[in-house]
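Peer 1: Next up is a structure, given as structure tokens.
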2 protein chains.
Amino acid sequence: MSGTAPTAAPVLPVRGRLRPLGLDAVRVTGGFWAGRQSVNATATLAHIEHWLERAGWLRNFDLAVRGDLAGGRRGREFADSEIYKFLEAMAWEIGRSADAELEARFRAVVRRVAAAQAPDGYLNTNFGRPGQAPRWSDLEWGHELYCVGHLLQAAVARARTRPGADDGLLEVARRAADNVCETFGPDGIDGVCGHPVIEAALVELARTTGEDRYLAQAALFVDRRGHGRLSDVEFGREYFQDELPVRQATVLRGHAVRANYLAAGAVDVAVELKDASLLEAVRNQWTNAVACRTYVTGGQGSRHQDEAFGGDWVLPPDRAYSETCAGVGSVMLAWRLLLADGDPRYADLIERTLFNVVSTSPAADGRSFFYTNTLHRRELGTLPDPDRPSLRAASSLRAPWFEVSCCPTNVARTLASLSAYVATCDDEGLQLHQYLPATVAHRLGDGRDVSVSIATGYPYDGEVRVRIDGDDERPWSLSLRVPEWAAQGATLTVDGDSRPVGPGLVTEHRRWRRGDEVVLSLPVAPRFTYPDARIDAVRGCVAVERGPLVLALESVDVPAAESVDELRVDVDQPPRLVDGRVTVRCRRVHPDHHEWPYLAEEGGSTPVVGEELDGVALVEYHAWANRGPSTMRVWLPVLTDQAG
Amino acid sequence: MSGTAPTAAPVLPVRGRLRPLGLDAVRVTGGFWAGRQSVNATATLAHIEHWLERAGWLRNFDLAVRGDLAGGRRGREFADSEIYKFLEAMAWEIGRSADAELEARFRAVVRRVAAAQAPDGYLNTNFGRPGQAPRWSDLEWGHELYCVGHLLQAAVARARTRPGADDGLLEVARRAADNVCETFGPDGIDGVCGHPVIEAALVELARTTGEDRYLAQAALFVDRRGHGRLSDVEFGREYFQDELPVRQATVLRGHAVRANYLAAGAVDVAVELKDASLLEAVRNQWTNAVACRTYVTGGQGSRHQDEAFGGDWVLPPDRAYSETCAGVGSVMLAWRLLLADGDPRYADLIERTLFNVVSTSPAADGRSFFYTNTLHRRELGTLPDPDRPSLRAASSLRAPWFEVSCCPTNVARTLASLSAYVATCDDEGLQLHQYLPATVAHRLGDGRDVSVSIATGYPYDGEVRVRIDGDDERPWSLSLRVPEWAAQGATLTVDGDSRPVGPGLVTEHRRWRRGDEVVLSLPVAPRFTYPDARIDAVRGCVAVERGPLVLALESVDVPAAESVDELRVDVDQPPRLVDGRVTVRCRRVHPDHHEWPYLAEEGGSTPVVGEELDGVALVEYHAWANRGPSTMRVWLPVLTDQAG
């Protein structure tokens, strides 16, 4: 389907090992993600619009037109960006479903936004008017360029799903981007934004419009960062990734959303400008962050104080921040690296993060969200007030909205564009990175149309059946990702012949016939997972995983327990599947009470072993806290000789 | 020495199980604490004064007099309090040493402070003048009552060490307190301060002046708190202890300094008003906080974000906040409870906190300080700029001063008044709670003067020799605390007869003769300490202690190591004393590098065992980071079968 129409995908690099397929090429036909997309379309988008109106953040644009902003503006300094992410989510959803009613809502919001743009292209409801701070007067915290970045991403999504639409959003974005280039160009303000995203957004707008000045401006922002142009705030300049130039840094650090967004933009710049050393620097940062600073869920950021990465190995489950938006940013970064390098490890992390962070945030009904995604809750959470925005990290269960409400719109735009992260192509053929019931259609470089249908019960069933939908006289390649977690027991069956396959991309190059089937069989039996010995916070514990899903022990599944902390898991018995649920054998323990919890003898600190609980059911981590307040843990202490 | 002169001690309850002895009664004659007091007197006080001038915080009072404050004021909203804590520290030091030069400096500062007081008694450099926010307009963050509280404590220290002095400080304090009572009395503003301390301070001023209205006002503040009078800030009202009334709370929670200061004030009110239920509530809060929310060092507060207690068992060593001031607050609270109840467990915590938190903060030279006291440093710290105030938690090694510089002055006032926390009396005789070379003199209720001399090399030597300095025909009681950590092997020798003694207060009631000796022998051989099984963050680890001292593994003591994280301690060999240093046997381990740190098999996560290091020397925790940047850990992973 490539050719005249643009590919309906968020990232369209000019070069790279793999080329993305878009919403036009990949249609999700059922399964886990179709359910999530449906809830997103039918519930979440309306929920977001309701709160954007209720909180007054949309109305800020109307007030700007009326000249009433200075006193009446509502929301934090970055509230505009939520409207833009909402627009982006709607654009993808319209591209996916062609929903006419949503199209009308989209246009209505665009009209309100466009009306507030200044004649010179500047667009922000929080700065520059009488009674407000001057434009660009607070680069650390003002988020003006950040807001423009999300505006650009919305316009790019629209341009790629409804090219030539007469709603005017792309023109608004171009004028805003032109204003940024004029203001922050080589002769302009020598600054960067406290919160990256403008970099990736400018590159994508350049790719969409062919305007090289946007790319040049993005490259300038990437180069400027890391030289202390931002103030030394309480969290240090690392918070903004402004303490070290991008090409010198060796690991992701600081605020986890900022870190991922910046790195994603740097990849975009590096790919466009063939800047191999910049790309290598980001690749290295990603590799080290994944090896030493990422939760088993794929979550990133272990510090509440500054929503930041901790140092290497600092991954406390009970104070995991693992912000939903950092998960979205991690998917953005890994996808760009996958396109550039083709290494399936990037797709491994995307899969893990989508299943265990992005899909954990929204409740089953799509109307409340986790902002942070802890891996251990010790005390019963409380249900947030459904009629009030929650404080971000303070809300202990999913909340309908937040004072800082970046996560719901980020989840919405990601779910609506999800099929753009499933498959890629190269000159040889197709690569499938994520498994879900879908059809994938693509026109090869030589003009041949090829298409496949994927049938699978994944991730619950490990069998992925890929059927070829057309005959072809000439051979082409079909590649499938074998995840790293499937190192033992994966097989590929082609034309009746099975063979074991190991992690990586497995490629079949042949002359395909309609009806040919490739069956990838992945070992999704539940398994124990052990942490690296350097992660102090989970020493002596195991996690349980099933395929790409991380599981959790939730108190509502434990008989007569309010706390999950008094169970020890018996690793001599592997986890089992019973009636569709993963179960483990545990023992309840009864720690002695001590007036002082540090004891002279190991025996003194060893809890008394109590009853055995066989068949304790675990819950998929993404589905926890959907049954009322509970306690929960992902990392389960192992029953030891001392405690057994 | 009781009688007409007031007892020179910070807390003088009207009743209670034990009565405090002051600086007048207890003279430190040598040893660990004499050294700390000497550095405090000769280096720290001048260092503080230098920075108070340099930072402009003292000058704020001069500007107030000149009317130049609104534009020229320097420092945070609570900067005034540092001047008051400095005054308090000087007052105790003058009481201890009668230093004439210090007396002159003290008077000079008092003059500058007094000159800034408004005619109605209000005294604060940050509010109420043209260009400033109105008085009492920001009870959450303004710290106005907090500053008054520290002013009162300074005045009380002065009144008890130099009764009748003509410097005017007590009058300044009375007028400020009167202004508080008029403003916040039953018919005044129905509010409380975001940061407690005024409660304890008003009670002490009442005790010093006999003015019951100060006590009534303190009681009103205690009763008012916990009903949501303060705003619901991002950290929640728990931060201010304003989410639950003092008498309903069951554990210390929220900001750890605020929590301890408030609880201390509540004890004072409860004791004065014979409010048994209020006292019981605080006692219960303390018991639960010590059992479930306190580090092995005695440190409190595990959260950087809000400097707050974590939930029960959330005690991560690598993100320990353990603020120095929370340690000071904990000593204040435990001392009040000790006086009220007589339970030696309070003195156990005081000892632990003094040795491992309060004395950890200052460098050996008394000119730089830890604000937070982590139990695990993974990366080499950096030496803060000696010419610039550091950000509080951001400074990785001891810093000369902080933007928020509460800790140096808090340490100084505590060290200067330290001998007031050593001994008490009751109708039967003397109780010794802390062991150090000292003389203790006291006039019993029946008019007899008794005195003892303590000779000891404690805490390095467990032998404490208490010599009776006078003959007496009638018997009296001498009580000594046997710490909880000395449960095995402590003996008491009186008149040549030895007997084993267990934890608690051991009392000898007899007719004493000059030269009689009581020798307490405490088992200070180094020992392993195991954590309660519920403290997830240190599962599988041990600490090493020696008497009341917590020890740490510091990288400068490990051959060819930058990181201490690659050592495992062999618990089959008890720690040993070699050339005066505690040593343990370790193995170096070599964890494999993994691209993803969560592994399918336990073997995969088990580090390869390397060389054995016998005789790895540990450092006293309070003395770490005095030899340049290093890594450090208190909790040492135990060598296991898997790793060995």
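Peer 1: When the residues of region A:365-399 are narrowed to those that are modelled with pLDDT of 95 or more, more than 30 Å from residue B:534 (Cα to Cα) and open to solvent by 10 Å² or more (accessible area, probe 1.4 Å), which ends up nearest to the other protein chains (Cβ to nearest Cβ)?
Peer 2: Per the stated criteria, the residue is A:368.
Peer 1: Give the residues of region A:431-440 that are crowded, with 19+ Cβ neighbours inside 10 Å and out of contact with any Gly (no Cβ under 7 Å at 6 or more places or on another chain), sorted by residue number.
Peer 2: Taking region A:431-440 as the starting set, the residues that turn out to be crowded, with 19+ Cβ neighbours inside 10 Å are A:431-438, A:440.
If the condition is that a residue be crowded, with 19+ Cβ neighbours inside 10 Å and out of contact with any Gly (no Cβ under 7 Å at 6 or more places or on another chain), then A:431, A:432, A:433, A:434, A:435, A:438, A:440 are the ones that fit.
Peer 1: OK, next. Just one of A:504, A:515 is open to solvent by 10 Å² or more (accessible area, probe 1.4 Å), within 14 Å of another protein chain (Cβ to nearest Cβ) and over 30 Å from residue B:566 (Cβ atoms); which is it?
Peer 2: On the way: A:515 fails: within 14 Å of another protein chain (Cβ to nearest Cβ).
On inspection, the qualifying residue turns out to be A:504.
Peer 1: While we're here: Looking at region B:573-580, is at least one residue on the phi > 0 side of the Ramachandran plot and either part of a helix (DSSP H, G or I) or open to solvent by 70 Å² or more (accessible area, probe 1.4 Å) (or both)? Give the derivation first.
Peer 2: Kept after step one, since they are on the phi > 0 side of the Ramachandran plot, are these residues of region B:573-580: B:579-580.
Checking which are either part of a helix (DSSP H, G or I) or open to solvent by 70 Å² or more (accessible area, probe 1.4 Å) (or both) leaves us with B:579.
Scanning region B:573-580 turns up at least one residue that is on the phi > 0 side of the Ramachandran plot and either part of a helix (DSSP H, G or I) or open to solvent by 70 Å² or more (accessible area, probe 1.4 Å) (or both).
Peer 1: What's the number of the condition residue A:287 fails, among (1) in contact with a helix residue (DSSP H, G or I) (Cβ under 9 Å, 6 or more places away or on another chain); (2) on the phi > 0 side of the Ramachandran plot?
Peer 2: Against the list (1) in contact with a helix residue (DSSP H, G or I) (Cβ under 9 Å, 6 or more places away or on another chain); (2) on the phi > 0 side of the Ramachandran plot, residue A:287 comes up short only on (2).
Peer 1: Can you tell me which of A:29, A:42, A:7 is under 24 Å from residue A:197 (Cβ atoms) and open to solvent by 10 Å² or more (accessible area, probe 1.4 Å)?
Peer 2: Details: A:29 fails: under 24 Å from residue A:197 (Cβ atoms); A:42 fails: under 24 Å from residue A:197 (Cβ atoms).
Of A:29, A:42, A:7, the one residue that is under 24 Å from residue A:197 (Cβ atoms) and open to solvent by 10 Å² or more (accessible area, probe 1.4 Å) is A:7.
Peer 1: Could I ask something else about it? Can you pull out the residues in region B:68-106 that are open to solvent by 60 Å² or more (accessible area, probe 1.4 Å) and either at positive phi or outside the structural domain of residue B:411 (by TED's automatic domain parsing) (or both)?
Peer 2: B:98
Peer 1: Determine which member of the set A:539, A:576, A:513 is in contact with a strand residue (DSSP E or B) (Cβ under 8 Å, 6 or more places away or on another chain) and free of Cβ contacts under 8 Å to residues at least 24 places away in the same chain. It would help to see each step written out before you state the result.
Peer 2: On the way: A:576 fails: free of Cβ contacts under 8 Å to residues at least 24 places away in the same chain; A:513 fails: free of Cβ contacts under 8 Å to residues at least 24 places away in the same chain.
Every option except A:539 fails the conditions.
Peer 1: What residue, among those in region A:229-248 that are in a helix (DSSP H, G or I) and among the aromatic types (Phe, Trp, Tyr), is surrounded by the fewest Cβ atoms within 10 Å (Cβ to Cβ)? Reasoning before the result, please.
Peer 2: So the first thing to find is which residues in region A:229-248 are in a helix (DSSP H, G or I), and the list is A:237-240.
After this cut, where a residue has to be among the aromatic types (Phe, Trp, Tyr) as well, the list is A:239-240.
Working: A:239: 23, A:240: 29.
If we take residues in region A:229-248 being in a helix (DSSP H, G or I) and among the aromatic types (Phe, Trp, Tyr), then A:239 is surrounded by the fewest Cβ atoms within 10 Å (Cβ to Cβ).
Peer 1: Go through B:550, B:564, B:544 for me and flag whichever is part of a loop (DSSP other than H, G, I, E, B), within 14 Å of chain A (Cβ to nearest Cβ) and open to solvent by less than 20 Å² (accessible area, probe 1.4 Å).
Peer 2: On the way: B:550 fails: part of a loop (DSSP other than H, G, I, E, B); B:544 fails: part of a loop (DSSP other than H, G, I, E, B).
Going through B:550, B:564, B:544 in turn, the sole match is B:564.
Peer 1: For residue B:529, which of the numbered conditions (1) open to solvent by less than 10 Å² (accessible area, probe 1.4 Å); (2) closer than 14 Å to residue B:485 by Cβ; (3) more than 7 Å from chain A (Cβ to nearest Cβ) fails to hold?
Peer 2: (3)
Peer 1: Quick check on region B:577-585. Is at least one of its residues under 41 Å from the mean Cα position of the chain (by Cα) and either at pLDDT below 90 or of a type in the set (Phe, Trp, Tyr) (or both)? Write out each step before concluding.
Peer 2: Of region B:577-585, the ones under 41 Å from the mean Cα position of the chain (by Cα) are B:577-585.
Adding the requirement that they be either at pLDDT below 90 or of a type in the set (Phe, Trp, Tyr) (or both) leaves none.
No, every residue in region B:577-585 fails to be under 41 Å from the mean Cα position of the chain (by Cα) and either at pLDDT below 90 or of a type in the set (Phe, Trp, Tyr) (or both).
Peer 1: Out of all the residues in region A:266-293, which are closer than 22 Å to residue A:531 by Cβ and in contact with a Pro (Cβ under 8 Å, 6 or more places away or on another chain)?
Peer 2: The answer is A:291, A:292.
Peer 1: Which of the residues that make up region B:264-289 are under 15 Å from residue B:342 (Cβ atoms) and open to solvent by less than 20 Å² (accessible area, probe 1.4 Å)?
Peer 2: B:267, B:271, B:286
Peer 1: For residues that are within 7 Å of chain B (Cβ to nearest Cβ) and β-branched (Val, Ile, Thr), scanning just region A:290-305, find the one that is nearest to residue A:234 (Cα to Cα).
Peer 2: A:290
Yes or no, residue by residue, for (1) open to solvent by less than 50 Å² (accessible area, probe 1.4 Å); (2) more than 15 Å from residue A:523 (Cβ to Cβ):
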| residue | (1), (2) |
| --- | --- |
| A:454 | yes, yes |
| A:459 | yes, no |
| A:468 | yes, yes |
| A:471 | no, yes |
| A:491 | yes, no |
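Peer 1: Restricting attention to region A:456-508, which residues are assigned to a strand (DSSP E or B), in contact with a helix residue (DSSP H, G or I) (Cβ under 8 Å, 6 or more places away or on another chain) and farther than 22 Å from residue A:620 by Cα?
Peer 2: Going residue by residue through region A:456-508, those that are assigned to a strand (DSSP E or B) are A:456, A:463-468, A:476-482, A:491-494, A:497-500, A:504-508.
Pick out the ones that are also in contact with a helix residue (DSSP H, G or I) (Cβ under 8 Å, 6 or more places away or on another chain) and you get A:456, A:481-482, A:504-505.
Within region A:456-508, A:481, A:504, A:505 qualify.
Peer 1: Looking at region A:300-314, I want the residues that are in contact (Cβ under 8 Å) with a residue 40 or more places away in the chain and under 18 Å from residue B:563 (Cβ atoms) and have a partner that is open to solvent by 30 Å² or more (accessible area, probe 1.4 Å) and assigned to a loop (DSSP other than H, G, I, E, B) with Cβ atoms under 6 Å, at least 6 apart or on another chain. Which pairs are those?
Peer 2: A:313/A:534; A:314/B:318
Peer 1: Of the residues B:634, B:584, which is open to solvent by less than 50 Å² (accessible area, probe 1.4 Å), within 14 Å of chain A (Cβ to nearest Cβ) and either more than 23 Å from residue A:290 (Cα to Cα) or touching a Cys at 6+ places or on another chain (Cβ under 9 Å) (or both)?
Peer 2: Answer to the check: B:634.
Peer 1: Among the residues of region B:581-639, what is the count of those that are among the basic types (Lys, Arg), touching a residue at least 60 places away in the same chain (Cβ under 8 Å) and in a strand (DSSP E or B)?
Peer 2: To start, the set of residues in region B:581-639 that are among the basic types (Lys, Arg) comprises B:581, B:585, B:587-588, B:627, B:633.
From the residues that got through so far, the ones that are touching a residue at least 60 places away in the same chain (Cβ under 8 Å) too are B:627, B:633.
Right, trim to in a strand (DSSP E or B) and you get B:633.
Number satisfying all stated conditions: 1.
Peer 1: Taking the options A:555, A:605, name whichever one is within 8 Å of another protein chain (Cβ to nearest Cβ) and of a type outside the set (A, V, I, L, M). Steps first, answer last, please.
Peer 2: Working: A:555 fails: within 8 Å of another protein chain (Cβ to nearest Cβ).
Exactly one of A:555, A:605 is within 8 Å of another protein chain (Cβ to nearest Cβ) and of a type outside the set (A, V, I, L, M), namely A:605.
Peer 1: Identify all residues within region B:308-320 that are modelled with pLDDT under 95 and more than 8 Å from every other protein chain (Cβ to nearest Cβ); write none if there are none.
Peer 2: Across region B:308-320, the qualifying residue is only B:320.
Peer 1: Which residues, counting only those in region B:352-403, are more than 18 Å from residue B:304 (Cα to Cα) and more than 22 Å from the chain's Cα centre (by Cα)?
Peer 2: Within region B:352-403, B:380, B:382, B:383, B:384, B:385, B:386, B:387, B:388, B:389 meet the criteria.
Peer 1: Hey, can you tell me all the residues within region B:416-430 that are within 30 Å of residue B:306 (Cβ to Cβ) and open to solvent by 10 Å² or more (accessible area, probe 1.4 Å)?
Peer 2: Within region B:416-430, just B:421 meets the criteria.
The values are calculated or read from the model by the stated rules, or taken from the named source; none is laboratory data. Everything numeric here is computed off the predicted structure, so don't read it as measured data. Cβ: placed from backbone, ideal geometry, glycine included. Neighbour counts: every protein chain shown. We work out accessible area using only protein heavy atoms, side chains counted, and drop any ligands, DNA or RNA first. Shrake-Rupley method; radii C 1.70, N 1.55, O 1.52, S 1.80 Å.
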